[in-house]
C-alpha cells in the first residue's frame with residue numbers, strides 16, 4: 001500500500017492569527033495599564049492636594065489657638081470634670097451628651113468651627129467664635145480645580161496652674177479636625193486630625209538664685225549656711241525640733257541647700273553651702289569684669305558638692321503687675337491703730353472683715369484683694385492676714401516697711417501672696433524693708449507666703465523664729481540682715497548677706513511651683529473619603 005502525506009498548507013496563517021491575537025491582547029493590556037497608571041497618578045495628585053489642604057486647615061487652627069486666642073481665666077461656663085469639656089452655660093447647646101465619635105461633634109461640646117460642613121460652633125464667647133470663623137478657612141485655585149479647607153476644634157481638657165512667679169495660667173488640650181477638598185471633575189476629600197497640648201513641669205528652684213551675670217551676684221560672708229528640709233514631712237513629729245508636731249522649727253539636713261547664679265558666687269569667712277553651685281561660668285578665683293569666674297572663695301568658705309555647669313544663663317519671667325494696682329498714698333499701722341481707723345481710711349475692700357484690739361489686728365479678706373499704698377507697720381504692732389472664707393489671700397502693696405519689732409503674720413490655713421508694685425520707687429531705694437520686724441508663717445511651708453516684685457529697687461529681709469516664705473524678684477537687689485533663720489527660697493538679681501543668716505531651702509518647692517512647657521502637636525493622623 002502506498003502511504004498518504006497530510007497537507008500542512010495554511011499553518012502559517014493560523015500561527016499568524018494566534019500571534020496577532022496575543023499581541024492585540026498585550027497591546028490592550030498595556031493601554032489599560034497606562035490608563036490605570038495615569039488615573040492612579042491623577043488620584044494621588046488630587047488626594048495629595050486635598051491632604052495638604054487639610055493640613056493647612058489644621059495649621060491655621062493651631063496658629064489661631066497659639067497666637068490669637070486667649071484662654072478663659074474663669075471656668076463658670078464649663079464642666080472641667082469631663083473630657084471633652086462640656087459647656088454648661090452661655091453656649092448654643094448647654095445640655096445633653098457631648099459626642100465627638102461621628103463626623104461632627106454633637107451636644108454641649110465646646111467647639112470652635114470654621115468652614116466645616118455640618119459643624120456648628122458651640123463656644124460661650126461670640127467674639128472668639130467669630131474670629132475663629134474668619135481666620136481658619138480658605139481656598140486656592142490649582143489649575144482648573146479649587147482646593148479648599150475648613151476646620152473645627154474641640155476642647156478636650158482645661159485646668160489652671162499656678163506657675164513659679166505667682167502667675168496663674170490656663171492650659172488646654174484641643175482636638176483639631178480639618179477637611180481638605182478638591183473640587184472639579186475629579187473631586188477628593190481628606191480629613192486630617194491633630195491634637196495640641198501643653199505640658200507642666202516642676203520648677204527649677206534653689207535656696208538662692210541670682211539672675212545677674214556679673215561678679216558678686218551672690219555675696220555671702222560671716223557664718224552663713226544654706227541647707228534644706230522638706231515641708232511636706234512636717235506632719236511627722238520627728239521632723240520638728242522641740243518634739244511635738246507644730247512646735248519648735250523644722251529639722252534641716254546638711255545637704256540640698258543648692259545655690260545658683262548667672263554670674264559669680266563670692267563666699268568668705270565661714271560660709272558653708274551645703275549643696276551645689278549651678279552657673280554657666282567656669283573657673284575659680286578672683287573675679288573681674290573681663291574674667292567672671294564661677295566662684296570666689298576665701299577663708300574656710302566651702303561649696304560642699306561642687307559646681308554644676310549650666311549650658312546657658314537661666315531666664316525667669318518678670319511677675320505681672322498687681323491687679324488692681326495699689327495706690328501710692330501712705331498708710332501707718334502702729335500700736336494704737338484700731339479697725340475703725342482702717343475702715344475710716346477706706347483701706348479695707350468691701351467684704352473684708354477687721355477684728356482684734358489696738359495694735360493687734362486681724363484682717364479676713366474673704367476672697368477680696370487687700371490693696372494698700374506705702375505701708376509702715378511699726379510700734380510693735382501685729383498684723384495678721386487670713387483668707388477667711390477663702391484659703392487664698394492676695395495683698396497688693398506699693399511698698400512695705402516694718403519697724404519697732406512689728407510682726408506680719410499669716411492666719412491659719414491661709415496662703416498669702418504679697419504682690420509689690422513699687423510705683424515711683426527705683427534702685428537703690430527700698431521697696432520692702434523687714435529689718436525692723438519680722439513675718440511669721442508657722443506652717444513653715446514657704447509656698448504659703450509668696451513675695452512677688454517686678455522692679456529693681458532693694459528688698460531688705462531678716463529671718464525669724466518662723467520666717468518662712470519665697471521671694472520672687474528677678475530684677476531686684478536683695479539684702480539679708482541678722483543671724484536668724486529664713487525658711488524658703490530667694491530668687492533675685494543680686495543677693496548679699498553679711499550678717500550670717502541661715503537659709504533653709506524647702507526641697508518640696510520644686511514640685512509645688514510649676515512651669516509651663518511649650519505647646520506641642522501630640523498626635524497627627526489622616527484619612528480619605
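The values are calculated or read from the model by the stated rules, or taken from the named source; none is laboratory data. Owing to the predicted nature of the structure, the values given are computational and were not obtained by experimental measurement. Glycine gets a Cβ as well: all are built from the backbone with ideal geometry, and neighbour counts include every protein chain shown.
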Handout entry: Scope the stretch 300-314; condition within 32 Å of the chain's Cα centre (by Cα) and in a strand (DSSP E or B); matching residues
Key = 303, 307, 308, 309
Problem - Odd one out for residue 26, checked against (1) over 16 Å from residue 149 (Cα atoms); (2) outside any loop (DSSP other than H, G, I, E, B); (3) touching a strand residue (DSSP E or B) at 6+ places or on another chain (Cβ under 9 Å) - result: (3)
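How many residues, within the stretch 141-157, are farther than 17 Å from residue 191 by Cα, at pLDDT below 95 and out of contact with any helix residue (DSSP H, G or I) (no Cβ under 7 Å at 6 or more places or on another chain)? Break it down into steps so the answer makes sense when it comes.
Taking the stretch 141-157 as the starting set, the residues that turn out to be farther than 17 Å from residue 191 by Cα are 141-145, 155-157.
With the extra rule that they be at pLDDT below 95, the set shrinks to 141-145.
Within this subset, residues satisfying the condition of being out of contact with any helix residue (DSSP H, G or I) (no Cβ under 7 Å at 6 or more places or on another chain) are 141, 143-145.
Qualifying residue count for the region: 4.
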Practice task
Test residue 391 against the stated conditions and say whether it is closer than 29 Å to residue 507 by Cβ, more than 25 Å from the chain's Cα centre (by Cα) and surrounded by fewer than 21 Cβ atoms within 10 Å (Cβ to Cβ).
Solution key: no
Problem - Residues of the stretch 206-234 satisfying the condition of being within 16 Å of residue 481 (Cα to Cα) and in contact with a helix residue (DSSP H, G or I) (Cβ under 7 Å, 6 or more places away or on another chain) - result: none
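I'd like to check which strands (runs of 3 or more DSSP E) are fully inside the stretch 151-238 and have at least 2 residues that are farther than 30 Å from residue 276 by Cα.
Numbers: elements: 168-182, 188-202, 208-210, 218-220, 225-229.
In the stretch 151-238, the matching strands (runs of 3 or more DSSP E) lie at 168-182, 188-202.
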Practice task
Would you mind stating whether residue 400 is at pLDDT 95 or above, outside any loop (DSSP other than H, G, I, E, B) and either under 25 Å from residue 463 (Cβ atoms) or in the same structural domain as residue 470 (by TED's automatic domain parsing) (or both)?
Solution key: yes
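Among 272, 201, 266, which is the only one that is touching a residue at least 12 places away in the same chain (Cβ under 8 Å), on the phi < 0 side of the Ramachandran plot and either touching a helix residue (DSSP H, G or I) at 6+ places or on another chain (Cβ under 7 Å) or surrounded by fewer than 16 Cβ atoms within 10 Å (Cβ to Cβ) (or both)? Give the derivation first.
Details: 272 fails: either touching a helix residue (DSSP H, G or I) at 6+ places or on another chain (Cβ under 7 Å) or surrounded by fewer than 16 Cβ atoms within 10 Å (Cβ to Cβ) (or both); 266 fails: either touching a helix residue (DSSP H, G or I) at 6+ places or on another chain (Cβ under 7 Å) or surrounded by fewer than 16 Cβ atoms within 10 Å (Cβ to Cβ) (or both).
Being touching a residue at least 12 places away in the same chain (Cβ under 8 Å), on the phi < 0 side of the Ramachandran plot and either touching a helix residue (DSSP H, G or I) at 6+ places or on another chain (Cβ under 7 Å) or surrounded by fewer than 16 Cβ atoms within 10 Å (Cβ to Cβ) (or both) holds for just one of 272, 201, 266, which is 201.
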Handout entry: Total residues in the stretch 278-299, condition touching a residue at least 40 places away in the same chain (Cβ under 8 Å), over 21 Å from residue 207 (Cβ atoms) and in a strand (DSSP E or B)
Key = 1
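Restricting to the stretch 85-105, give me the number of residues that are more than 31 Å from the chain's Cα centre (by Cα), in contact (Cβ under 8 Å) with a residue 12 or more places away in the chain and over 14 Å from residue 129 (Cβ atoms).
Within the stretch 85-105, residues that are more than 31 Å from the chain's Cα centre (by Cα), in contact (Cβ under 8 Å) with a residue 12 or more places away in the chain and over 14 Å from residue 129 (Cβ atoms) number 4.
Any residue at all in the stretch 75-90 that's outside any helix (DSSP H, G or I), more than 21 Å from residue 159 (Cβ to Cβ) and modelled with pLDDT of 90 or more? Can you show your working first?
Taking the stretch 75-90 and keeping what is outside any helix (DSSP H, G or I), we get 75-90.
Pick out the ones that are also more than 21 Å from residue 159 (Cβ to Cβ) and you get none.
Looking through the stretch 75-90, none of the residues is outside any helix (DSSP H, G or I), more than 21 Å from residue 159 (Cβ to Cβ) and modelled with pLDDT of 90 or more.
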